[in-house]
Structure formats: structure tokens, C-alpha cells
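The next block holds one structure in the form of C-alpha cells; read it before the comments.
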Amino acid sequence: MAESNVKVLGTWASPFVMRVKIALHLKSVRYEDVEEDLLAPKSELLLKSNPVYKKIPVFFHAHNPICESLIILQYIDEVWTTSASSILPSDPYERSQSRFWAAYVDDKFFPALRRLLIGATEEDKKAALEEVVEGTVVLEGAFGELSKGKAFFGGDNIGFVDIALGSLLGWIEVIGKQCETKLVSEAKTPRLVQWADCFSAHEAVKDVLPDVDKLADFGLKLRAKILKALAPTN
Amino acid sequence: MEDEVVLLDFWPSSFAMRVKIALGEKGIKYKCKQEDLFNKSTLLLEMNPIHKKIPVLIHNGKPISESLIILQYIDQVWNHKSPLLPSDPYQRSQALFWADYIDKKIYSIGRRVWMGKEDQEEAKEELMQCLKTLERELGDKLYFGGQNIGVVDVALVPFTTWFYSYETCGNFSIEAGCPKLVAWAKRCKENYRSVSEALPHPLQIYEYVMELKKRLGLV
């Protein structure tokens, strides 16, 4: 069913935006895709709809803006309940575990990944790489716990943690290539390797994950922009 | 079968205070275990192996970590009274947004204020900006939750017991910049026993901060 009042303000390269799109695809909700250029000054719409952080994604439903990807995911899950599968489990304890691991991705794993991308010195990069690899091992353990032998963190179907982590797969591959390492390796994280393949091939995901070469090219430009902004002015 | 509820606590922690307020609001009986953060117990390391932090809520042997996640768990399990979150999905998303904002900002900025290093002036400005943003969000409402306290009130009010420490270490007045917010904090403590019981006296927090600064070689 086409929903004329559903809009996503974001960019094709952002994993946080990808999360929102995957959730909407899972729920079969059609939406308007509004592209924000991350390499250009921020748009009026972005500044007006997310005055606190001025970041994408911003999700619009009936003209109400919602910010922060994991909060958007919960909103989508609560509003569109008639179709397909739930994103969060209904059991309170399982729900808390899903939230915990999604928060781990955002608070620990992603920052380490970001440091690896923009690391200015070899030392910075080495420290970040160790953190990222350690993170993948922790997530491999989490997968064992949550999946209970099924294909996804969410069990038979894609859930909250799958979307939170899976949205990073494109960047994980790009950054890995940059460091000449497989960040999600068969040796240390065999289950995650398998999960990554299942996730990427999923109907709701495959058109959302970007082309890796295009992302790599964008990554170089983004890194340059960030490093320039961080450089001390003389 | 009776529920067994245990809270791994550290009395100065604003994050742990949040959980105590929520448990108080819901009328839940629980055991409180004090942790020594410089000498963490086996139980803590077992119940929160990833972050090794408090608070941890242990419900019938199962651990839940991260205070906002704990609050949402408590709200869902003990849904018979004092709802912490609105029932409307959009209102709920807004409440979670502001609770998350408080998480991202207040603790780390506040820490830079009381530590009193070279970035203290910058941190003071940032803190006042955040508190002013929150004050604007409160507007003319009695509480962030409307007529009653909700998750945003519970997330923020514990930090107000640290205001005296921020002010004294930073030599500034939070009330001067945010009178409505200070009034809101007073209102929470006066009207909600769960709040007044969970929050230590600001002077106790200040004593703790000074001890910590000595320990960190900052005094």
C-alpha cells in the first residue's frame, strides 16, 4: 500500500539510513526517498527537522519528524504491525537483549569502525583494528546466544540486531579492503560470515546495501572531509 | 512464585538512581547490592561481562544492563501502574529521543566540568546549552511526562543531585541560567517519594566527587 505521508531524509551511503529503509521494506511500506548530500552544506529541511543533532536519517510520518535510527526502527515496528514479522521480540527479556546488542553496535562497535576509517596515524589504525576485531568476536558470541541456531539474530526472521549490525556490512567490507584485512573473518567469526551472506541476500535488504566500489570511493571523500574538519587551524 | 529482583548499585551513580526511581514508582520490592567500582564483584562481572558496569537489574536470575533499557524492561513487565512511557508511538519516540539525548550529553559533559581540567570552561558552556535545550523541551509542563513523571524525568532528575558539585567545581550557577529546570527538579523531589528516596543529598555527592578528585590526582 502506498503511503504518501512517509518520507526518509537520508543518503544512500549511510548505514543509519539503510536501517530505516530495511525496516520499511520488511513492513512493505512505500516511502519517498529524499537524498541529502553529505559532502555539501546541510539542507534547510535537515536543519529544520533535526535541530538538535542536524543528522540523517530523519523519518517523517504524517509530517512528524523522528530522529535517531534505532528509535525510528522501534516506531516503525509499533505503527505497522499488520504485515510480516516483528522487528523487536514481544517477550520483555528478549526485547531487552535485542536492545542491548543494538546499543553495543552503536556505542562500541561503530565508533571503533569509524576510528579505523578516519585513523590518521598507523598507531591509531592499529588500535582501532584490534578493537574492531575484538568487537566481531563479541558479536559472534551474541549471535550464538540470540539466534538459537537459526539464520538471524532475530531467529527465523530479520530483527532489530540484524538490521543494526547488517546495515554496516558495506562499510565493513570497504574499510576491511582499505586495511587489507577481512574484518569479519572465517577464522574468528564463522557464524557471522554465514549470517552476513544470508542478511545481504534477503529480499528486504539486497536493494538497500550499496555497491561496494561506489561506497569505497565515497569513503575516501568522506574521510578527507572529516580529517580536514578535525585539522587544527593555523 | 514471588519475583526475585536484585539491583547492582553504586550509590552516587545517576544511572542507578534512575532504576531505583522506576522500581519505587512501580512498587517493586528488591534487594540492593552496593558495588565497589574499584574492586568489582564476581557477580557484577558475571552479570555484565561486556561493559562491567552498574546498574544491572537481575530479575529471577536474568541480568539486564544499560539503564534506559532497564527502564523500558521495568515498564513493560510491571505495567499495572505508573507508566513511564506514553502509549502513543509518536509520543513514545519523542520521549525516547530526549532520554537518549540526556544519555549522550549530561554525564560526559558534567564529568568534564567537575574534573576541572583545561576544557572546563568549554564544558560549562556545553552543559548550560544542553540544560537550556532541555528546559525549552519542558516548556510550561509540570513534568517532561506531562501531568506525571515519565522516562525523561526519570532519566534527568538524578543528575540534578550532581548540580551542586558541577557548580562548586566550576564556580557558576545552574539556577541562574535554568531556573525552570531547577524548579522542575524540586517539584519532582517534593511530589515523588520514589525520587526523594533515590537521590542522595547533593553534599554527599560533592564529598564523593572531592574524594574521587583526590584519588585521580586532580586536587
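No value in this document is a laboratory result; all are computed from the given coordinates. For clarity, every value in this text was computed on a predicted model and none was experimentally measured. Cβ sites come from the backbone with ideal geometry, for glycine too, and all protein chains shown count toward neighbours.
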Place a +1 charge on the Cβ of each Lys and Arg in the protein assembly as shown and a -1 charge on the Cβ of each Asp and Glu, then give the dipole magnitude about the Cα centre in debye, rounded to the nearest 20. 660 debye
Where both partners of a DSSP beta bridge lie in the range A:6-79, what percent of those bridges are antiparallel, to the nearest 5? 65 percent
Determine the dipole magnitude for the range B:5-77: charges of +1 sit on the beta-carbon of Lys and Arg, -1 on that of Asp and Glu, nothing else is charged, the reference point is the Cα centre, and the result goes in debye to the nearest 20. 100 debye
Using a Cα-Cα cut-off of under 14 Å, which aspartates and glutamates could be cross-linked to B:Lys33, ignoring same-chain neighbours fewer than 8 residues away? B:Glu4, B:Asp9
Hey, which lysines would be in cross-link range of B:Lys29, C-alpha to C-alpha under 24 Å, not counting anything within fewer than 8 residues on its own chain? B:Lys20, B:Lys53, B:Lys62, B:Lys81, B:Lys189
Out of all DSSP beta bridges with both ends in chain A, state the antiparallel percent to the nearest 5. 70 percent
Antiparallel versus total DSSP beta bridges in the protein assembly as shown: what percent is that, nearest 5? 70 percent
The range B:61-92 residues near the modelled B:Ser41 label - backbone nitrogen below 15 Å, point 7 Å along Cα→Cβ: B:61-64
At what distance in nm do the modelled label points of A:Leu45 and A:Thr181 sit from each other, each positioned 7 Å from its Cα along Cα→Cβ? 3.9 nm
Pairs of alpha-carbon atoms within less than 8 angstrom and 6+ residues apart define the contacts here; what relative contact order does chain B have, in percent? 21 percent
Within straight cross-link reach of A:Lys54, meaning Cα distance under 21 Å, which lysines are found once same-chain residues fewer than 8 apart are removed? A:Lys7, A:Lys21, A:Lys42, A:Lys221, A:Lys225, A:Lys228, B:Lys104, B:Lys105, B:Lys132
Taking the alpha-carbon centroid of each part, what is the distance from the range B:9-56 to the range A:148-178 in angstrom? 31 Å
Let me know the charge dipole size of the range A:6-79 about its Cα centre in debye, to the nearest 20, where only the beta-carbon of Lys, Arg (+1) and Asp, Glu (-1) is charged. 60 debye
Order by neighbour count: A:Thr181, A:Thr121, B:Thr160, fewest other Cβ atoms within 10 Å first, most last. A:Thr121, A:Thr181, B:Thr160
Once whole DSSP H runs in chain B are found, which of them have Cα atoms spread over 24 Å or more along the helix axis and a mean Kyte-Doolittle score of at least -1.0? B:89-115
Helix-only mean residue ellipticity at 222 nm for chain A, each DSSP H run of n ≥ 4 adding -39500 (n - 2.57), per residue, nearest 500: -17000 deg cm²/dmol
Projecting each Cα onto the charge dipole of chain B (Lys/Arg +1, Asp/Glu -1 at the beta carbon, about the Cα centre), which of B:Ala95, B:Val6, B:Ala198 comes out farthest on the positive side? B:Val6
Of the candidates A:Gly141, A:Phe218, A:Val52, the farthest towards the positive dipole end of chain A (Lys/Arg Cβ +1, Asp/Glu Cβ -1, centred on the Cα centre) is A:Val52
Work out, step by step, the length gained on full extension between A:Asp33 and A:Lys206: first 0.36 nm times the residue separation, then minus their alpha carbon distance; give nm to one decimal. 60.6 nm
Just want the ordering: B:Phe38, B:Phe163, A:Phe153, A:Phe199, from fewest to most Cβ atoms lying within 10 Å of their own Cβ. B:Phe38, B:Phe163, A:Phe199, A:Phe153
Residue-averaged [θ]222 nm for chain B, counting only DSSP H segments that reach four residues, each worth -39500 (n - 2.57): -18000 deg cm²/dmol
Test of understanding: ordering B:Tyr206, B:Tyr90, B:Tyr73 by Cβ neighbours within 10 Å, fewest first, what list do you get? B:Tyr90, B:Tyr206, B:Tyr73
